[in-house]
Structures are given as structure tokens and as C-alpha cells.
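The values are calculated or read from the model by the stated rules, or taken from the named source; none is laboratory data. Predicted, not measured: the structure shown is a model, and the values here were computed from it. Note: areas computed on protein heavy atoms with side chains; ligands, DNA, RNA excluded. Shrake-Rupley method; radii C 1.70, N 1.55, O 1.52, S 1.80 Å.
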Amino acid sequence: MVVLRREIGDVLRDARQRQGRTLREVSSAARVSLGYLSEVERGQKEASSELLNSICEALDVPMSLVLREVSDRVAVAEGLLIPDTVPADLAASVAGATDFGWARSRSELTPIG
């Protein structure tokens, strides 16, 4: 059975570790206790939307990308095929990037709507 809080925690931990940051650094920037952030990353605590937003801001990762990654992981666990819904021009602009575009600044991301 897929547990959403575990998937969210895994994605947040992966993002933090890719940046080479410690729990202490991110917890301080997100204004959340180190112990609580650790529990969120291990899937032991459910992060509220406000807390998730604070952690994403501390990691400088758009929450939409975190939720997309979680959604993709859940789909794979459910045995579903994940369609490639990335527009060709966006895919071309990040081609060759090893961080999958997560290190892009928010000013480089175009809001929809």
C-alpha cells in the first residue's frame, strides 16, 4: 500500500540531499523544528499544506514539482504508465540538465494562467 506521507518525505529528503544541505539548515530556513522535519522526511508525520510550503520554500523547490514527483511515484506504485506531459519547448530548454530543472530559479518558471 502506498502511504502518501512516506512518498512526500522521500521526495523532500531527495531534494535536500541533492542540494547537499543538512536537516538543521533546512529546518532553520523553514522555521520548523529539526525533529519534526526529520519525522516528515521519514514519513512518520503528515505535513500540513502550510508546513509543506515552508519546506519547499526553504529548499527553493516549487511545491508543484514536489507534488508532481509524488504523483508520479504513486502512479508507478499503482502500476500505471506515466504519460510525458512536459511541453517540447520546456523539455528542450532543460535538456542535458542533471538536476531535472529543480535548481532553476523561480523567475525562470512561467506561471500558467
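Below is a table of values for the structure above.
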{"item": "Per residue solvent-accessible surface (Å²) - the stretch 4-78, probe of 1.4 Å", "result": "54 Å²"}
{"item": "Solvent-accessible surface (1.4 angstrom probe) belonging to Arg5, in square angstrom, nearest 10", "result": "80 Å²"}
{"item": "Rel. contact order, % - alpha carbon contacts under 8 angstrom, at least six apart, the stretch 4-78", "result": "41 percent"}
